[in-house]
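Peer 1: Take a look at this one; I'll ask things after.
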Amino acid sequence: MQNIVKEICCIRDAQSDHNNDTGKKFLSIELSLDGFSYCVLDTDRFRYTALESFAFEDVKDPLQLNMLLEEIVKSRKLLTGSYQRISLAYYSQKMTLVPADLFSYADKNLYLDFNTYPAQNFEIRVDKLNNLSAYAVYPFPKALAHKVNFLFPGCRMRHISTCLIENILYMIRYGRLSSQLVLHIQKGHFEILIFDKENLSFFNSYAYQTWDDLFYYLFFVLEQLGMQAEQLDMVMYGEVGIGSEFYKKVKLYFKSFAFGPRNELYRYSESFDDIPHHYYYNLLNLNACG
């Protein structure tokens, strides 16, 4: 496992007892072929006390992901406790948004058939997006769902993108964020959200390997929508710092560029000061998704 898994972040509140009283806490998890992250929220103080993140290399399929997930859980006592709530967000690029007025559970397979054909070893899952008044339809590996339910009984599973849309849209509508363009960047994939005032007008997720790939997709989208970068205010979330090649380039093209703020609804252990506020946004807001 050491050649495949690399720990990239480990935060623990020294003043919290992470071995006891886990029943009064929430556990949030993000999972993809590119990595695994989790954090713990103390519900008594509404305060995040722990976060750990791992990057995966050359993980090609859900069966391999199953084995890595089980090994990580066995090696971390914090993941084996009893929690008041456990939530997991899974990333796959294949996801379709359907307006609530047009959605029917009976037709969920048909919506996905417009852009992908899931194999028989996938189940079709549906997330309701209350803020967007829409539903997300996406394939979820059956074997992985079984493993998650075994390791985390009662776990609530959602797609990473639906959590992101709901939380960013909430911040836009309640004046906590003001931007026409929001980027969310993680290892191996990134999401583009474009807003017309308080309404989401464009969303898509793209896989990338280099920063040149990311810039290509970003400016292709803007060109197709007839938008000019120098006229746009952009906010970015994700694990990309000010020393990155992306940051050095992107701030030259847009009217304004800023890293997004943390959600003020939560409190954070002093240990979280070691990471920038725009890091792990989706993970730290997973509890806000219904």
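The values are calculated or read from the model by the stated rules, or taken from the named source; none is laboratory data. Small disclaimer: the values here were computed from a predicted structure and weren't measured. Every residue, glycine among them, receives a Cβ derived from its backbone with ideal geometry; neighbour counts consider all protein chains shown. Quick note on the areas: whole protein, heavy atoms, side chains included, nothing else; ligands and nucleic acids left out. Shrake-Rupley method; radii C 1.70, N 1.55, O 1.52, S 1.80 Å.
Peer 1: Compute the accessible area per residue over the chain, keeping the other protein chains in place, probe 1.4 Å, unit Å².
Peer 2: 49
Peer 1: Still on this model: Using all alpha carbons of the chain, what is the percent of pairwise distances in each 5 Å bin, ordered from the shortest bin to the longest?
Peer 2: Going from the shortest bin to the longest, the percentages are 1, 5, 12, 16, 19, 18, 15, 10, 5, 1, 0.
Peer 1: Compute, for E166, the solvent-accessible surface of its heavy atoms (probe 1.4 Å) with the complete set of protein chains present, and express it in square angstrom to the nearest 10.
Peer 2: 20
Peer 1: Where does each of D58, D233 land when they are ordered by accessible area, with a 1.4 Å probe and the largest first?
Peer 2: Correct descending sequence by accessible area is D58, D233.
Peer 1: Now for a separate question. Can you pull the percent of the stretch 50-169's accessible area that's carbon plus sulfur, 1.4 Å probe, other chains left in place?
Peer 2: Exposed carbon and sulfur together represent 51 percent of the surface.
Peer 1: Please sort through the DSSP H helices of the chain and keep those with an alpha-carbon extent of at least 18 Å along the long axis and a Kyte-Doolittle average not below 0.5.
Peer 2: 160-173
Peer 1: Give me the one-decimal nm value for the distance between modelled label points at Y266 and S178, 7 Å along each residue's Cα-to-Cβ direction.
Peer 2: 2.6
Peer 1: So which lysines can K255 reach, going by Cα to Cα under 21 Å and dropping same-chain residues fewer than 8 places off?
Peer 2: Output for K255: K197.
Peer 1: Using a 1.4 Å probe on the protein heavy atoms, what percent of the accessible area of the stretch 215-263 belongs to carbon and sulfur?
Peer 2: 52
Peer 1: Right, something else. Order K94, K77 by their accessible area, 1.4 angstrom probe, all chains in place, largest first.
Peer 2: Result of the area sort, largest leading: K77, K94.
Peer 1: Just by accessible area at a 1.4 angstrom probe, what is the order of Y217, Y206 from largest to smallest?
Peer 2: Accessible-area ranking of Y217, Y206, largest first: Y217, Y206.
Peer 1: Follow-up. Under the 0.36 nm per residue contour assumption, what length would be gained going from the current alpha-carbon distance of I4 and L63 to full extension?
Peer 2: 19.8 nm
Peer 1: Rounded, prolate or oblate, given the Cα gyration tensor of the stretch 38-180, with a/c below 1.5 counting as rounded?
Peer 2: Cα axes put the stretch 38-180 in the oblate bin.
Peer 1: Going Cα to Cα from K249, which aspartates and glutamates come in below 20 Å? Please leave out same-chain ones fewer than 8 positions away.
Peer 2: Partners within reach: E191, D212, D213, E223, E230, D233, E239.
Peer 1: Return the sequence-ordered ³J(HN,Hα) values of the stretch 86-92 in whole Hz as given by the Karplus equation 6.51 cos²θ - 1.76 cosθ + 1.60 applied to θ = phi - 60°, using x for Gly and Pro.
Peer 2: 10, 10, 10, 10, 10, 9, 9
Peer 1: Follow-up question, since we're still on this one. So which lysines can K248 reach, going by Cα to Cα under 21 Å and dropping same-chain residues fewer than 8 places off?
Peer 2: Qualifying lysines at Cα under 21 Å: K187.
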